[in-house]
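Working notes for the structure below.
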Amino acid sequence: MPSLKDLKTRIESVKSTRKITKAMQMVAAAKLRRAQEAAEASRPYAERFNAVMAKLAASVGDSESAPKLLRGTGDDMVHLLVVMTAERGLCGGFNGNIAKLARAEAEKLKAAGKTVKILTVGKKGRDALKRDLSDHFVHHVDMSGVKNTGYGDAQSIAADILDRFDAGEFDVAKIFYSKFENVVTQIPTMQQIIPADVSGEDVGDDDTFYDFEPDEQAILAQLLPRGVATAIFSALLENGASEQGARMSAMDNATRNAGDMIDKLTIQFNRSRQAVITNELIEIISGAEAL
């Protein structure tokens with residue numbers, strides 16, 4: 001049974017931990033608002049951008065004149081998985097859920113005889129996958145020095161992916177991130193970015209005929225690389241909001257658990273102290289009676 005000193009030390013330690021988790025919860029709550037606003041503000045642009053590309057792609061079809069980013073290489077043997085996670089932990093299952101989705105996809109592709117390559121963005125995703133899939137790593141993007149994610153960060157990642165595609169290093173590229181729903185719900189998501197998958201996009205009910213100048217192929221050749229950067233930028237913003245939401249929820253749970261532990265330890269401390277006092281009284285009374 002622990003001594004009174006040990007119990008008191010442990011209570012003080014848990015109280016200190018509770019102060020830290022409470023502070024982290026408040027910081028995450030402050031960051032969440034900005035991150036959520038950025039993520040939500042990017043969605044209308046991304047949706048409209050994809051709708052425009054879907055309309056253009058529908059008019060081009062699968063012809064040989066279609067840009068390579070749209071029609072692909074004609075094969076799907078080599079897949080590049082871009083796993084986007086956070087640089088820090090203490091955010092519940094946020095990083096683990098993304099890594100789990102990416103690992104499941106990698107295992108599925110390997111079972112089908114495909115070649116898998118992995119590009120990680122964020123330290124935690126790399127750490128989660130390196131034990132089983134380290135042989136498939138081709139590059140890592142360190143985001144630890146980035147305070148506010150900007151479009152330039154997405155452009156640099158997209159440029160590296162596009163260079164690898166032009167060099168023939170892969171046939172299909174998919175990004176893995178967590179889509180923000182609310183503070184307690186973040187959805188791990190997989191999205192194909194190369195070749196551009198616009199089959200599920202809503203092009204609306206507009207039957208107006210458009211005459212493009214230059215032609216659709218030339219416009220798509222300019223838009224498709226930007227579409228890759230836009231998809232990555234949206235994923236980074238969604239990840240930022242999801243990370244703060246998950247951290248806020250995790251730190252709130254940790255704070256509550258620390259409070260419960262303090263209550264239990266305080267009850268145990270009081271019972272132990274009462275037992276010590278009772279024993280001392282018994283010894284005093286027994287000694288007095290012996291005299």
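The values are calculated or read from the model by the stated rules, or taken from the named source; none is laboratory data. Nothing here was measured: the structure is a model prediction, and the numbers come from that model. Reconstructed Cβ throughout: ideal geometry from the backbone, glycine too, with neighbour counts over all protein chains shown.
Numbers below:
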{"item": "Which listed residue, of Ala173, Ala86, is touching a residue at least 24 places away in the same chain (Cβ under 8 Å) and touching a Gly at 6+ places or on another chain (Cβ under 9 Å)", "result": "Ala86"}
{"item": "Any chance Val52 is in contact with a Phe, Trp or Tyr (Cβ under 9 Å, 6 or more places away or on another chain) and of a type in the set (Val, Ile, Thr)", "result": "no"}
{"item": "Qualifying residue in region 40-50 (condition: aromatic (Phe, Trp, Tyr), under 27 Å from Leu220 (Cβ atoms), in contact with a Gly (Cβ under 7 Å, 6 or more places away or on another chain) and assigned to a helix (DSSP H, G or I))", "result": "yes"}
{"item": "Conditions (1) touching a helix residue (DSSP H, G or I) at 6+ places or on another chain (Cβ under 9 Å); (2) not in a loop (DSSP other than H, G, I, E, B); number of the one not met by Arg88", "result": "(2)"}
{"item": "Unmet criterion (only one of (1) modelled with pLDDT of 90 or more; (2) over 25 Å from Arg226 (Cβ atoms); (3) not in a loop (DSSP other than H, G, I, E, B)) for Asp160", "result": "(2)"}
{"item": "Matching residues, region 11-61, being at pLDDT below 90 and more than 25 Å from Ser234 (Cβ to Cβ)", "result": "Gly61"}
{"item": "Qualifying residue in region 194-204 (condition: in the same structural domain as Glu87 (by TED's automatic domain parsing), at pLDDT 85 or above, under 17 Å from Glu47 (Cβ atoms) and surrounded by 13 or more Cβ atoms within 10 Å (Cβ to Cβ))", "result": "no"}
{"item": "Unique residue being closer than 20 Å to Phe165 by Cα, surrounded by fewer than 16 Cβ atoms within 10 Å (Cβ to Cβ) and of a type in the set (Asp, Glu) when the list is Asp132, Asp142, Asp127, Asp76", "result": "Asp76"}
{"item": "Subset tally (residues that are surrounded by 14 or more Cβ atoms within 10 Å (Cβ to Cβ), over 30 Å from Phe170 (Cα atoms) and of a type in the set (D, E, K, R)) for region 21-73", "result": "2"}
{"item": "Tabulated pairs, region 270-281, first within 19 Å of Ile11 (Cα to Cα), second assigned to a helix (DSSP H, G or I) and not aromatic (Phe, Trp, Tyr), C-beta under 7 angstrom, 6+ apart or interchain", "result": "Ser272/Leu4; Ser272/Leu7; Arg273/Leu4; Val276/Leu4"}
{"item": "Residue count for region 145-171, restricted to those that are loosely packed, with under 14 Cβ neighbours inside 10 Å and basic (Lys, Arg)", "result": "1"}
{"item": "Some residue of region 213-220 being modelled with pLDDT under 85, within 32 Å of the chain's Cα centre (by Cα), part of a loop (DSSP other than H, G, I, E, B) and exposed (fewer than 13 other Cβ atoms within 10 Å of the Cβ)", "result": "no"}
{"item": "Filter result (hydrophobic (A, V, I, L, M, F, W, C) and in a loop (DSSP other than H, G, I, E, B)) within region 57-85", "result": "Ala66, Met77"}
